[in-house]
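One structure is given here, and the rest of the page talks about it.
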Amino acid sequence: MRRISSVMLGSPAQRHRIQPGDVLLLINGEPVLDEIDYQALTARRHVKVLLQSEDGQQREVDILKDDATPLGLEFDDSLIGNPRTCSNNCVFCFVAQMPPGMRESLYVKDDDWRLSLLTGSYITLTNVSEREFARIIKRRASPLYISVHSTDEELRTEIMGNRHAGLLMERLRRLRDAGIHFHCQLVLCPGLNDGPAMVKSLNDLLSLHPHARSVALVPVGLTRHREGLSPILPYTLEKAREVLALAGAFQEKTLRETGTRFAFAADEFFAIAGLPVPEAEAYEDVPQLENGVGMLRKFEDELAAVHAEDSDAALAGGKRTVLLPCGTAVFPYAQAWLARYKPDWVEAVLVPIRNEMFGETVTVSGLIGGRDLIAQTKGIRADEVLIVSDMLNSEGTMFLDDVTPQDVSEALGMPLRVFRNDGWDFYAAISGRKTEDTAWPG
């Protein structure tokens, strides 16, 4: 039972006089367990709702609407509730490598297929009972995002420390047979699941295409906080190039045979290998952009486009200097971007931030802490500090170490501005043009 907290104005629910305070009992004769059930049961033309009013009276409401029109109900409690947590003990688990003393939410290991469907988060399917798996199929939960790591039963079980991990391929085949699509990722560890093991995994997943839509190849993320954990080495330039060579050969073969490259290496592999990222067509429809695959290419292409369209020869107010802290992985690419596309009136001070919080093997901008940023840029003078939004939480209020943008602005004694992770907003930020993003006055 779900108590209705509000009804959207003009919605089918309001037109049928459903009221806040009513309790939802059934939709089309079925109980509503969560957001997945609600969305699936209301995404049809004829919706039959059983309600209980505040005085205890029950009534049934028949609603006709367009399939895609939301019913218009909101509830007192979240329809997802507490996310289901991970039951694995992966050898590369990033949460297990977190520094101590951080906020509790950073230590939560979610592994919830419902969030995979709704937000694109990756799941392993090891904590899904047979009953829940049947519900995935019944609700046609598609697409899902699945952490594979290896299709070999023994190797996946070893990597994930879970006796159920080896059942994955059987479940993926059942998803395929039910018409459900999914994207996959392989988090690769040198000498463990790369090399021939990676090629086997790619070929096994390719056998499920087109329901298996794509595979992202992601290098393992290692922090300095690995005491007592499995010994894993980071990728070197040579080892990263080996992965890229195998991936490239696989792409050429599958492109000829299927019309898609299917597997795509994360930008981090190119950064570690010291290689330029491929051109846009190599990423096809960038199916794994949120997984860091093709993000650098997309960013540069957007930056080149806005630079070509910019007709301003100078900016009112004259020259300006901006301070740009960034991760060490993106630093050489950002240097090249600024050399090609920076407006003439802007001087940019680009500073690669060594990650002292997690360790220097963590090189991405999104894991830079506010304290590291302050310590390594203090004393540099500029008109404005520009940081990418990935450095902050989803609300844009805090770095991973609980430092706020206002704290950074005050510590450095200059205004701070946040730009979105795209070339258009970056160009506007370095140019000094006004955008909708947040600024702190310093």
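Structure notes:
- Rounded Å value of the spacing that divides the Cα centres of region 48-71 and region 79-132: 34 Å
- Checking the cross-link pairs K319/K378; K298/K319; K298/K434 against a 25 Å limit on the alpha carbon distance flags K298/K319 as lying beyond it.
- Both the radius of gyration and Dmax for region 165-205 are 11.7, 35 Å, in that order, over alpha-carbon atoms.
- Rolling a 1.4 Å probe over the protein heavy atoms gives region 327-393 an accessible area of 42 Å² per residue.
- This model, with +1 at the C-beta of Lys and Arg and -1 at the C-beta of Asp and Glu, gives the chain a dipole about its Cα centre of some 660 debye.
- Value of [θ]222 nm, deg cm²/dmol, for the chain, DSSP H segments ≥ 4, -39500 (n - 2.57) each, nearest 500: -9000 deg cm²/dmol
- Highest to lowest packing among 131-137, 34-40, scored as the average C-beta count within 10 Å: 34-40, 131-137
- With all protein chains modelled, accessible area of L255 [1.4 Å, Å²]: 70 Å²
- Percent accessible area from carbon and sulfur atoms, the chain, protein chains only, probe 1.4 Å: 52 percent
- Take S150: with every protein chain present and a 1.4 Å probe, its accessible area is about 0 Å².
- The chain: relative contact order in percent, alpha carbon pairs under 8 Å with at least 6 residues between: 9 percent
- For the chain: rounded, prolate or oblate by the Cα gyration tensor [a/c cutoff 1.5]: oblate
- Among the cysteines of the chain, those with no neighbouring cysteine Cβ under 4.7 Å are C86, C184, C189, C326.
- Prolate/oblate/rounded call for region 236-378, Cα gyration tensor, a/c under 1.5 rounded: oblate
- For W113, neighbours were defined as the other residues whose beta-carbon sits under 14 Å from its Cβ, and their charges (Lys and Arg +1, Asp and Glu -1) total +1.
- Cross-link partners of K48 among lysines (Cα-Cα below 29 Å; sequence separation of 8 or more within a chain): K65, K138
- Alpha carbon centroid spacing (whole Å) that separates region 165-237 from region 261-299: 17 Å
- Accessible surface, per residue, of region 23-166 when the full set of protein chains is kept, probe 1.4 Å, Å²: 50 Å²
- In Hz, Karplus ³J(HN,Hα) per residue of region 352-369 (6.51, -1.76, 1.60; θ = phi - 60°; x = Gly, Pro): x, 9, 6, 8, 7, 5, 9, x, 5, 6, 8, 10, 8, 5, x, 10, 7, x
- Under a Gaussian network description of the chain, with springs only between Cα atoms under 10 Å, the residue in H183, H164, H46 that fluctuates furthest is H46.
The values are calculated or read from the model by the stated rules, or taken from the named source; none is laboratory data. Being a predicted model, the structure only gives us computed values, none of them experimental. All Cβ positions, glycine included, derive from the backbone under ideal geometry; neighbour counts span all protein chains shown. Please note that ligands, DNA and RNA were not included when accessible areas were found on the heavy atoms of the full protein model with its side chains. Shrake-Rupley method; radii C 1.70, N 1.55, O 1.52, S 1.80 Å.
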